[in-house]
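The values are calculated or read from the model by the stated rules, or taken from the named source; none is laboratory data. Here the structure is a predicted model, which means the values were calculated and not measured. Cβ: placed from backbone, ideal geometry, glycine included. Neighbour counts: every protein chain shown.
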């Protein structure tokens, strides 16, 4: 059996060699010729899986994407040709939620403000938006939720409109899928008009898809709105972002909000579980077997944490400033956007760090935030 896998998919060789030969390819440039004799095709969001890519792959038994999003997959074509398909829902939700939370702590520190005093609007309350909500709730931050699809789904949560988010929130964090048509289209969800209406001195974070914000409009708005603080992990026209926009962004990264070691391992592992089920084979590896030991065994906390101390604790797990600094030095013409994503191996989730000898009240909310007891 031949398995074609994106070279940026961690642990693919360890997991899938159980089934046959694993060939790693560049997910952005993979060709039909490379997949024509494949039995399994494993991709990430940069690969368009459609008839152009797989029409000649007559042996193809399964297509999997180690991502939450599926807008790069022609599911109708797969169904028509009876090719089983799976994504990895929720695999990197914790990573994205923690990334956005850490970015907010960094902004609060940079501008000498308190995150705890903010009202945060979460637009899109699926897996990643809910993960951010859990972080903010654990820390005691007020949130407003916007999700028109879930709002009509007999959901127990209370939802508000996008207009209310724009008018009322000190922080807006975007967590929607990319949809280009229909009633709830998200492409250019924030256009120039909406960007201009965002509350004065607000923070805007995008950790979902670059096209959800009109990047050219954002650049124009920033020419006269220095008060609006921006965090962008995703960019229109990746891997070639609008370079003129970058100096106007407080923290800039190359679509790696979900790139924790745990999140990437979880995505690949979920596909491994699906293939085991499909082929009727026993799982030979468990998720815990893949994770490297964290450099810190535990941290002891002897007093209640200030917000500054919480940021210091978060930086032990992931220091966003490092990736921001690297991103600003990239030569996008030399494919360094993708190279930085490919080489990104160091980030961990809060759960990698154990807390010991804490005051019980501190241990309770920190464990809700995601740290291990």
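Counting the residues of segment 358-373 that are more than 27 Å from the chain's Cα centre (by Cα) and surrounded by 14 or more Cβ atoms within 10 Å (Cβ to Cβ) gives 2.
For residue 216, the test of being part of a helix (DSSP H, G or I), in the same structural domain as residue 113 (by TED's automatic domain parsing), surrounded by fewer than 17 Cβ atoms within 10 Å (Cβ to Cβ) and under 25 Å from the mean Cα position of the chain (by Cα) is passed.
Scanning segment 179-213 for residues that are touching a residue at least 60 places away in the same chain (Cβ under 8 Å) and not in a loop (DSSP other than H, G, I, E, B) yields 203, 205. Counting only residues that are touching a residue at least 12 places away in the same chain (Cβ under 8 Å) and in a helix (DSSP H, G or I), segment 295-314 holds 6 of them.
Mind checking whether some residue in segment 137-150 is farther than 25 Å from residue 364 by Cα, touching a strand residue (DSSP E or B) at 6+ places or on another chain (Cβ under 9 Å) and without any contact (Cβ under 8 Å) to a residue 40 or more places away in the chain? Within segment 137-150 (the criterion being farther than 25 Å from residue 364 by Cα, touching a strand residue (DSSP E or B) at 6+ places or on another chain (Cβ under 9 Å) and without any contact (Cβ under 8 Å) to a residue 40 or more places away in the chain), the answer is yes, since at least one residue qualifies. Please go through segment 322-357 and pick out each residue that is part of a loop (DSSP other than H, G, I, E, B) and either in the same structural domain as residue 134 (by TED's automatic domain parsing) or touching a strand residue (DSSP E or B) at 6+ places or on another chain (Cβ under 8 Å) (or both). Those that are part of a loop (DSSP other than H, G, I, E, B) and either in the same structural domain as residue 134 (by TED's automatic domain parsing) or touching a strand residue (DSSP E or B) at 6+ places or on another chain (Cβ under 8 Å) (or both): 328, 353, 357. Residues in segment 318-327 include at least one that is surrounded by fewer than 14 Cβ atoms within 10 Å (Cβ to Cβ), free of Cβ contacts under 8 Å to residues at least 24 places away in the same chain and under 21 Å from the mean Cα position of the chain (by Cα). Residues of segment 13-32 that are within 14 Å of residue 64 (Cα to Cα) and under 19 Å from the mean Cα position of the chain (by Cα): 27 alone.
Here residue 234 meets the list (1) within 18 Å of residue 68 (Cα to Cα); (2) outside any loop (DSSP other than H, G, I, E, B); (3) touching a strand residue (DSSP E or B) at 6+ places or on another chain (Cβ under 8 Å); (4) free of Cβ contacts under 8 Å to residues at least 40 places away in the same chain almost entirely, failing just condition (2).
Within segment 275-294, is even one residue part of a helix (DSSP H, G or I) and in contact with a strand residue (DSSP E or B) (Cβ under 7 Å, 6 or more places away or on another chain)? So far as segment 275-294 goes, yes, one or more of its residues are part of a helix (DSSP H, G or I) and in contact with a strand residue (DSSP E or B) (Cβ under 7 Å, 6 or more places away or on another chain). Here residue 280 meets each of (1) on the phi > 0 side of the Ramachandran plot; (2) surrounded by 14 or more Cβ atoms within 10 Å (Cβ to Cβ) with one exception, condition (2). When 94, 102, 54 are checked against the criterion of being at pLDDT 95 or above and surrounded by fewer than 22 Cβ atoms within 10 Å (Cβ to Cβ), a single residue qualifies: 54.
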